[in-house]
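What follows draws every value from the coordinates through simple rules; no lab data is involved. Keep in mind that what you see is a predicted model, and the values were worked out from it rather than measured. We place every Cβ from the backbone using ideal geometry, glycine too, and count neighbours over all the protein chains shown.
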Amino acid sequence: LLESYLHDGSLTVERMGRGFAWLDTGTHASLLDAGNFVRTLENRQGLQTGCPEEIAFEAGWISFDQLRARAAKFAKNDYGKYLMGMIPTE
């Protein structure tokens, strides 16, 4: 696939800076390694990886009320608790 993009001139390269990680998931073992890496990162930093609600909220695309509604939808799991933790208590 990359060769075809290169051949037709549509392949671009972006340099990833600090804070990015490329995780190969082409085999069962590497997929497991990637999952373990993400789990460790989230546990150690207390942040969620790939949290669309957090991105939308920080960009101003959703309100506190919309964030609260999404958090309530996932209230029984750690993801919902993470979202609730983003909402300041009055």
As a test of the formula, what do you get for the chain when each DSSP H run with n ≥ 4 contributes -39,500 (n - 2.57) and the sum is divided by the residue count, at 222 nm and rounded to the nearest 500 deg cm²/dmol?
-16000 deg cm²/dmol
As computed over the chain, the Cα convex hull volume per residue (Å³)
169 Å³
Here the gain from full extension of residue 39 to residue 10, 0.36 nm per residue of separation minus their alpha-carbon distance, amounts to 7.0 nm
Please identify every one of the chymotrypsin sites (Phe, Trp or Tyr not before Pro) in the chain that sits in a loop by DSSP and has no more than 10 other beta carbons within 10 Å of its own beta carbon.
20, 22
Once the other residues with Cβ under 15 Å from the Cβ of residue 34 are scored (Lys, Arg +1; Asp, Glu -1), what is the net sum?
-2
Between region 56-73 and region 19-48, what is the C-alpha centre distance in whole Å?
26 Å
